[in-house]
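Any read-out appearing in this document is the output of simple, stated calculations on the displayed coordinates, not a laboratory observation. Everything quoted here is computed from the prediction, not taken from an experiment. So basically every Cβ, Gly included, is an ideal-geometry build from the backbone, and we count neighbours across all protein chains shown.
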Amino acid sequence: MIANIIMFLFIIPIIAGIFLLKRSRKIAHILISLPFIGMLITVGIWLYQVNHQFVGDTDLQGERFSDVALLEILDEERKKAFGEFEELESLQYEEWLAFEHLIIGVNQQKEIIYIHTDDTNQTTARGIKIGDSIEQVKSTYGEDHYRLKEKEYGEALNYVDRDAKIQIQFWHDGKQVTSMRLISL
């Protein structure tokens, strides 16, 4: 199936363009360039969908989850307050710690730069919690979001504040929030 699509979209136009080169240079150039134009359009659409630069700003200043906020220092005392944890391996974070319903990533200065929670007791600064509807998220945070899909977590609504350098993600099952992330950009 995929081989047929590749053959139809890429190889056949190039071969047809080469054969028509002696008869009509204009048609040959068009046929030869069609696969490259298709690739550019595909890459452009993909970049638009996955890049948060194309979404409007949402004011996320002061955004936090009940027990934790971005850029707080994660020292030993704070770790104990969250309970037992497992240290995960990460190339992106200096420390990546998995607590019972909380995953925290910190930078070299021990500042929290990533928070993921599926704890039903955690709420955002605007009162959204696990189990709330997607409509409630949209009415609270607005329509300036983009969607993201991941195999492990499903689909997310993503809101970005470029000035505060914060991104908040609401992972959902199509109806309700199943987990939330705060990320320092």
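Mean residue ellipticity, 222 nm, helices only, the chain: the sum of -39500 (n - 2.57) across DSSP H runs of n ≥ 4, divided by residue count and rounded to 500, is -9000 deg cm²/dmol. Subtracting the Cα-Cα distance of PHE82 and PHE8 from 0.36 nm times their residue separation leaves 21.0 nm of extension gain.
Would you mind counting up the charge near LEU31? Only other residues with Cβ under 15 Å from its Cβ, with Lys and Arg at +1 and Asp and Glu at -1. Here the charged neighbours net out to +4. Computed from the Cβ-Cβ distance with R0 of 45 Å, the FRET efficiency linking SER24 to TRP46 stands at 0.85.
Separation of region 151-185 from region 109-139 is 8 Å, based on Cα centroids. Between VAL68, VAL55, VAL43, the Gaussian network model of the chain with springs among Cα atoms under 10 angstrom shows the greatest mean-square fluctuation at VAL43.
Within the chain, the whole DSSP H helices whose Cα atoms reach 24 Å or more along their own axis and whose mean Kyte-Doolittle score is at least -0.5 are 25-50. Largest GNM mean-square fluctuation across GLN109, GLN61, GLN169, computed for the chain with C-alpha springs under 10 Å, falls on GLN109. For the chain, modelled as a Gaussian network with Cα springs under 10 Å, which listed residue fluctuates most, PHE54, PHE19, PHE82? Greatest mean-square fluctuation among the candidates belongs to PHE19. The value given for the chain is a Kirkwood hydrodynamic radius of 19.4 Å, derived from the mean inverse Cα-Cα separation.
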